[in-house]
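Single-structure report; data block below.
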Amino acid sequence: MSPTPQELQVATGALRNEARTWTAEADTMEGLKTKISGLEFGRVDAGIFQAIVNKHTELVNKLSGLCQEGSQRFEEVGSTLQICADTYDAEDAAGKHNLDTLW
């Protein structure tokens with residue numbers, strides 16, 4: 001038994017809500033990247049702790065890169081969910097049209 005138009009609307013609405021959540025979290029990850037990048041400091045800033053500057057810089061760069069990658073992946077998931085919802089709606093509309101012409 002195929003879903004009713006209301007059931008389909010609820011399902012695709014849930015997909016679209018989830019897509020917005022993933023996209024919002026991509027923005028959150030981008031914000032983290034910016035904050036982490038701001039933690040970098042140079043040898044002058046380090047003072048007597050200059051020995052750890054290289055490792056600290058490596059860590060900041062690694063975490064910043066991971067946040068950037070996470071942001072991109074979250075955006076991709078959101079986009080994919082939106083495409084799925086649009087596809088479901090389009091296929092349902094096309095299927096209905098095809099069934100209407102059979103009678």
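Structural remarks
- Equivalent-ellipsoid semi-axes of the chain, from the Cα gyration tensor, Å, largest first: 51, 10, 7
- For the chain, a crude dipole built from +1 on the beta carbon of Lys and Arg and -1 on the beta carbon of Asp and Glu, taken about the Cα centre, is about 580 debye to the nearest 20.
- Extreme residue, positive dipole direction of region 45-85, given options Gln72, Gln82, Val60 (C-beta unit charges): Val60
- For Lys55, the lysines whose Cα falls under 20 Å of its own Cα, not counting residues fewer than eight places away in the same chain, are Lys33, Lys35.
- Ellipticity estimate at 222 nm from DSSP helix runs (n ≥ 4, -39,500 (n - 2.57)) divided over the chain, nearest 500: -30500 deg cm²/dmol
- Per-residue HN-Hα couplings for region 73-82 [Karplus 6.51, -1.76, 1.60; θ = phi - 60°; Hz; x = Gly/Pro]: 5, 4, 4, 5, 5, x, 5, 5, 4, 5
Laboratory data are not the source of any read-out in this text; all were calculated from the coordinates shown. Note that the coordinates shown come from a computational prediction; the quantities given were computed from them, not determined experimentally. Heads up, the Cβs are rebuilt from the backbone with ideal geometry, glycines too, and the neighbour counts pull from every protein chain shown.
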